[in-house]
Amino acid sequence: MANVTEFRPDIPSTARMYDYYLGGKDNYPADRKAAETAIQMMPDGVVRTSAIQNRRFLIRAVRYLAGEHGIRQFLDIGTGLPTMNNVHQVAQDAAPDSTVVYIDHDPIVIAHALDMLHAVPNTTILRHDLREPQAIVQDPVLTSMLDLDRPVAVLLVAILHFVEDQTDPRGIIDTLMAAVPPGSWLVISHFTADSYAQADEAAQVYKRATSTLNSRTREQVTEMFAGCDLAEPGVVWTPEWRPDAETGLEGDPGRSLFWCGVARKRG
(Lines give C-alpha, C1' and ligand atoms only; values in the text may rest on other atoms or scores of the structure.)
Protein backbone atom coordinates (compact mmCIF):
# COMPACT_ATOMS: atom_id res chain seq x y z
CA MET A 1 0.00 0.00 0.00
CA ALA A 2 1.50 3.35 -1.00
CA ASN A 3 0.61 6.90 -1.98
CA VAL A 4 -2.55 7.01 0.13
CA THR A 5 -3.31 10.70 0.58
CA GLU A 6 -6.97 10.72 1.68
CA PHE A 7 -7.91 10.28 5.33
CA ARG A 8 -8.02 6.54 5.99
CA PRO A 9 -7.88 5.73 9.71
CA ASP A 10 -8.06 2.02 8.84
CA ILE A 11 -4.71 2.14 7.00
CA PRO A 12 -1.56 2.72 9.07
CA SER A 13 -0.14 6.17 8.38
CA THR A 14 3.62 6.65 8.45
CA ALA A 15 3.16 10.07 10.07
CA ARG A 16 0.82 8.73 12.76
CA MET A 17 3.07 5.72 13.42
CA TYR A 18 5.99 8.10 13.95
CA ASP A 19 3.80 10.18 16.26
CA TYR A 20 3.13 6.99 18.27
CA TYR A 21 6.85 6.18 18.49
CA LEU A 22 7.43 9.67 19.92
CA GLY A 23 4.70 9.16 22.52
CA GLY A 24 2.11 11.35 20.79
CA LYS A 25 -1.66 10.93 20.85
CA ASP A 26 -2.58 11.78 17.24
CA ASN A 27 -2.88 8.19 16.06
CA TYR A 28 -5.50 5.50 15.56
CA PRO A 29 -5.78 1.77 16.36
CA ALA A 30 -4.43 0.73 12.95
CA ASP A 31 -1.40 2.99 13.45
CA ARG A 32 -0.74 1.70 16.95
CA LYS A 33 -1.08 -1.93 15.89
CA ALA A 34 1.39 -1.56 13.02
CA ALA A 35 3.79 0.49 15.16
CA GLU A 36 3.71 -2.07 17.96
CA THR A 37 4.44 -4.83 15.45
CA ALA A 38 7.55 -2.99 14.30
CA ILE A 39 8.57 -2.31 17.90
CA GLN A 40 8.25 -5.98 18.85
CA MET A 41 10.30 -7.13 15.86
CA MET A 42 13.32 -5.10 16.94
CA PRO A 43 15.52 -5.27 20.07
CA ASP A 44 14.08 -3.64 23.15
CA GLY A 45 13.39 0.05 22.67
CA VAL A 46 15.30 0.52 19.41
CA VAL A 47 12.39 1.78 17.30
CA ARG A 48 11.33 4.45 19.78
CA THR A 49 14.95 5.35 20.43
CA SER A 50 15.52 5.88 16.71
CA ALA A 51 12.52 8.23 16.43
CA ILE A 52 13.68 10.29 19.40
CA GLN A 53 17.25 10.47 18.12
CA ASN A 54 16.04 11.52 14.67
CA ARG A 55 14.03 14.35 16.22
CA ARG A 56 17.00 15.50 18.27
CA PHE A 57 19.18 15.51 15.15
CA LEU A 58 16.66 17.71 13.35
CA ILE A 59 16.69 20.21 16.21
CA ARG A 60 20.49 20.35 16.31
CA ALA A 61 20.72 20.73 12.52
CA VAL A 62 18.26 23.64 12.45
CA ARG A 63 20.04 25.37 15.32
CA TYR A 64 23.36 24.85 13.56
CA LEU A 65 22.15 26.36 10.28
CA ALA A 66 20.31 29.28 11.86
CA GLY A 67 22.87 30.01 14.55
CA GLU A 68 26.20 29.31 12.84
CA HIS A 69 25.45 29.89 9.16
CA GLY A 70 22.83 32.61 9.21
CA ILE A 71 20.20 30.61 7.34
CA ARG A 72 16.82 32.31 7.57
CA GLN A 73 14.75 30.20 5.14
CA PHE A 74 13.75 26.60 5.78
CA LEU A 75 11.82 24.19 3.54
CA ASP A 76 10.80 21.17 5.62
CA ILE A 77 9.40 18.39 3.42
CA GLY A 78 7.59 15.50 5.06
CA THR A 79 7.22 17.41 8.29
CA GLY A 80 4.93 14.91 10.05
CA LEU A 81 2.58 15.65 12.91
CA PRO A 82 3.43 18.64 15.11
CA THR A 83 5.38 17.85 18.25
CA MET A 84 7.64 19.76 20.65
CA ASN A 85 10.42 21.88 19.15
CA ASN A 86 9.08 22.07 15.62
CA VAL A 87 11.33 23.57 12.96
CA HIS A 88 9.77 27.03 13.06
CA GLN A 89 10.08 27.16 16.83
CA VAL A 90 13.74 26.13 16.80
CA ALA A 91 14.64 28.42 13.88
CA GLN A 92 12.72 31.43 15.16
CA ASP A 93 14.17 30.98 18.63
CA ALA A 94 17.63 31.32 17.08
CA ALA A 95 16.57 34.01 14.60
CA PRO A 96 13.07 35.52 14.94
CA ASP A 97 13.01 36.60 11.28
CA SER A 98 13.29 33.00 10.02
CA THR A 99 10.73 31.82 7.46
CA VAL A 100 9.60 28.21 7.42
CA VAL A 101 7.51 26.43 4.79
CA TYR A 102 6.35 22.95 5.72
CA ILE A 103 5.31 20.36 3.13
CA ASP A 104 3.31 17.20 3.73
CA HIS A 105 0.67 15.15 1.93
CA ASP A 106 -1.09 13.59 4.92
CA PRO A 107 -4.46 15.31 5.52
CA ILE A 108 -4.24 14.83 9.29
CA VAL A 109 -0.80 16.44 9.35
CA ILE A 110 -2.15 19.37 7.33
CA ALA A 111 -5.12 19.85 9.65
CA HIS A 112 -3.05 19.78 12.84
CA ALA A 113 -0.34 22.02 11.39
CA LEU A 114 -2.82 24.63 10.17
CA ASP A 115 -4.24 24.80 13.68
CA MET A 116 -0.78 25.07 15.26
CA LEU A 117 0.47 27.67 12.78
CA HIS A 118 -2.56 29.97 13.00
CA ALA A 119 -1.26 33.53 13.50
CA VAL A 120 2.37 32.36 13.53
CA PRO A 121 4.30 34.81 11.30
CA ASN A 122 6.49 33.72 8.39
CA THR A 123 5.33 30.12 8.61
CA THR A 124 2.90 27.95 6.63
CA ILE A 125 2.22 24.39 5.50
CA LEU A 126 1.40 23.31 1.94
CA ARG A 127 0.00 20.01 0.75
CA HIS A 128 2.31 18.29 -1.73
CA ASP A 129 3.92 14.90 -2.24
CA LEU A 130 7.71 14.66 -2.24
CA ARG A 131 7.44 12.47 -5.34
CA GLU A 132 6.38 15.59 -7.28
CA PRO A 133 9.22 17.99 -6.44
CA GLN A 134 8.59 20.35 -9.35
CA ALA A 135 5.12 21.10 -8.00
CA ILE A 136 6.67 21.91 -4.62
CA VAL A 137 9.26 24.41 -5.86
CA GLN A 138 6.79 26.07 -8.23
CA ASP A 139 4.00 26.49 -5.68
CA PRO A 140 3.08 30.21 -5.73
CA VAL A 141 2.66 30.36 -1.95
CA LEU A 142 6.10 28.87 -1.46
CA THR A 143 7.71 31.27 -3.92
CA SER A 144 5.94 34.21 -2.26
CA MET A 145 7.34 33.26 1.14
CA LEU A 146 10.81 31.96 0.24
CA ASP A 147 13.23 34.06 -1.79
CA LEU A 148 14.79 31.38 -3.99
CA ASP A 149 17.60 33.74 -4.90
CA ARG A 150 18.81 33.53 -1.29
CA PRO A 151 20.03 30.40 0.56
CA VAL A 152 17.42 27.93 1.72
CA ALA A 153 17.81 24.93 4.01
CA VAL A 154 16.04 21.96 2.41
CA LEU A 155 15.12 19.47 5.12
CA LEU A 156 14.51 15.87 4.06
CA VAL A 157 14.46 14.32 7.50
CA ALA A 158 13.11 10.77 7.82
CA ILE A 159 11.33 11.03 4.46
CA LEU A 160 13.53 9.71 1.64
CA HIS A 161 13.26 6.14 2.90
CA PHE A 162 9.61 6.29 1.87
CA VAL A 163 10.68 6.83 -1.76
CA GLU A 164 11.32 3.63 -3.70
CA ASP A 165 14.31 3.34 -6.03
CA GLN A 166 12.10 3.31 -9.13
CA THR A 167 10.73 6.71 -8.12
CA ASP A 168 14.28 8.10 -8.33
CA PRO A 169 15.09 9.72 -4.97
CA ARG A 170 18.31 11.11 -6.45
CA GLY A 171 16.31 12.90 -9.15
CA ILE A 172 13.92 14.30 -6.54
CA ILE A 173 16.82 15.76 -4.57
CA ASP A 174 18.36 17.20 -7.74
CA THR A 175 15.11 18.96 -8.65
CA LEU A 176 14.75 20.48 -5.19
CA MET A 177 18.36 21.62 -4.98
CA ALA A 178 18.33 23.03 -8.52
CA ALA A 179 15.63 25.45 -7.37
CA VAL A 180 17.79 26.98 -4.63
CA PRO A 181 21.05 28.92 -5.03
CA PRO A 182 24.60 27.97 -4.08
CA GLY A 183 25.08 28.39 -0.36
CA SER A 184 21.82 26.58 0.34
CA TRP A 185 21.88 23.54 2.59
CA LEU A 186 20.59 19.98 2.38
CA VAL A 187 19.70 18.05 5.54
CA ILE A 188 18.98 14.31 5.29
CA SER A 189 18.30 11.52 7.75
CA HIS A 190 17.52 8.04 6.46
CA PHE A 191 16.53 4.64 7.83
CA THR A 192 19.05 1.82 7.45
CA ALA A 193 19.51 -1.85 8.29
CA ASP A 194 23.28 -1.37 8.56
CA SER A 195 23.24 -1.87 12.34
CA TYR A 196 20.48 -4.49 12.69
CA ALA A 197 19.81 -7.18 10.09
CA GLN A 198 16.26 -7.64 11.38
CA ALA A 199 15.47 -4.01 10.53
CA ASP A 200 14.72 -4.99 6.94
CA GLU A 201 12.19 -7.54 8.17
CA ALA A 202 10.61 -5.02 10.52
CA ALA A 203 10.32 -2.58 7.61
CA GLN A 204 7.89 -5.00 5.94
CA VAL A 205 5.25 -3.71 8.35
CA TYR A 206 5.13 -0.57 6.21
CA LYS A 207 3.92 -2.51 3.18
CA ARG A 208 0.47 -2.19 4.72
CA ALA A 209 0.96 1.51 5.50
CA THR A 210 0.55 4.67 3.45
CA SER A 211 4.15 4.38 2.19
CA THR A 212 6.67 1.55 2.05
CA LEU A 213 9.92 1.79 4.03
CA ASN A 214 13.18 1.31 2.16
CA SER A 215 16.50 0.74 3.91
CA ARG A 216 19.64 2.24 2.37
CA THR A 217 23.30 1.92 3.29
CA ARG A 218 25.65 4.62 4.48
CA GLU A 219 27.23 4.70 1.03
CA GLN A 220 23.84 5.18 -0.64
CA VAL A 221 22.89 7.96 1.76
CA THR A 222 26.24 9.67 1.17
CA GLU A 223 25.58 9.62 -2.58
CA MET A 224 22.41 11.64 -1.97
CA PHE A 225 24.60 14.63 -1.12
CA ALA A 226 26.22 14.78 -4.58
CA GLY A 227 26.89 18.40 -5.54
CA CYS A 228 27.11 19.49 -1.92
CA ASP A 229 29.94 19.71 0.60
CA LEU A 230 29.25 17.80 3.79
CA ALA A 231 29.72 19.61 7.06
CA GLU A 232 31.74 17.77 9.68
CA PRO A 233 31.42 15.02 10.79
CA GLY A 234 29.98 13.86 7.44
CA VAL A 235 27.41 11.08 7.16
CA VAL A 236 27.10 9.49 10.59
CA TRP A 237 24.56 7.96 12.94
CA THR A 238 22.12 10.62 14.16
CA PRO A 239 23.51 10.77 17.73
CA GLU A 240 27.01 11.26 16.31
CA TRP A 241 26.10 14.45 14.43
CA ARG A 242 27.31 17.33 16.61
CA PRO A 243 25.92 15.81 19.84
CA ASP A 244 25.01 17.93 22.82
CA ALA A 245 24.40 17.11 26.48
CA GLU A 246 20.97 15.62 25.75
CA THR A 247 21.92 13.39 22.83
CA GLY A 248 22.91 10.11 24.48
CA LEU A 249 23.80 6.76 22.83
CA GLU A 250 27.51 7.53 23.01
CA GLY A 251 28.41 3.85 23.28
CA ASP A 252 25.94 2.41 20.76
CA PRO A 253 25.00 4.99 18.11
CA GLY A 254 23.76 2.29 15.69
CA ARG A 255 20.67 1.92 17.89
CA SER A 256 19.46 5.08 16.19
CA LEU A 257 18.81 3.18 12.91
CA PHE A 258 19.39 6.39 10.94
CA TRP A 259 22.25 7.81 8.91
CA CYS A 260 22.27 11.58 8.62
CA GLY A 261 24.20 14.51 7.22
CA VAL A 262 24.12 18.24 6.58
CA ALA A 263 25.74 19.68 3.45
CA ARG A 264 26.13 23.00 1.64
CA LYS A 265 25.37 23.38 -2.07
CA ARG A 266 28.49 24.26 -4.00
CA GLY A 267 28.83 27.57 -5.81
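The values are calculated or read from the model by the stated rules, or taken from the named source; none is laboratory data. All values derive from a computational prediction rather than experimental measurement. Cβ sites come from the backbone with ideal geometry, for glycine too, and all protein chains shown count toward neighbours. Please note that ligands, DNA and RNA were not included when accessible areas were found on the heavy atoms of the full protein model with its side chains. Shrake-Rupley method; radii C 1.70, N 1.55, O 1.52, S 1.80 Å.
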Here the stretch 121-135 yields Karplus 3J(HN,Hα) values (6.51, -1.76, 1.60; θ = phi - 60°; whole Hz; Gly and Pro given as x) of x, 6, 8, 7, 10, 10, 9, 8, 9, 3, 5, 10, x, 5, 5
Treating the beta-carbon of each Lys and Arg as +1 and of each Asp and Glu as -1, no other charges, what is the dipole magnitude of the chain about its Cα centre, to the nearest 20 debye?
140
When all protein chains stay in place, what accessible area (Å², nearest 10, 1.4 Å probe) is found for Glu223?
100
Lys/Arg Cβ at +1, Asp/Glu Cβ at -1, dipole of the chain taken about the Cα centre: which of Thr217, Asn122, Trp241 is farthest positive-ward?
Asn122
Quick check: at a probe of 1.4 Å, how many percent of the accessible area of the stretch 9-77 sits on carbon and sulfur atoms?
51
For the stretch 88-232, which whole percent of the accessible surface, found with a 1.4 angstrom probe, sits on carbon and sulfur atoms?
49
Which of the following values of Rg and Dmax of the Cα atoms in Å was calculated from the structure shown: (1) 17.4, 56; (2) 17.1, 49; (3) 19.0, 63?
(2)
Take every DSSP beta bridge with both residues inside the chain and express the antiparallel ones as a percent of the total, to the nearest 5.
40
Accessible area per residue, Å², the stretch 66-178 with all protein chains present, probe 1.4 Å
42
What residue among Ile77, Ile59, Met42 has its Cα farthest toward the positive end of the dipole of the stretch 31-108, where the charges are +1 on Lys, Arg and -1 on Asp, Glu, each on the Cβ?
Met42
With a 1.4 Å probe and all protein chains left in place, how much accessible area per residue does the stretch 212-267 have, in Å²?
47
Can you sort Tyr102, Tyr196 by solvent-accessible area, 1.4 Å probe, largest first?
Tyr196, Tyr102
Roughly how big is the stretch 111-267's charge dipole about its Cα centre, with Cβ charges of +1 (Lys, Arg) and -1 (Asp, Glu), in debye to the nearest 20?
240
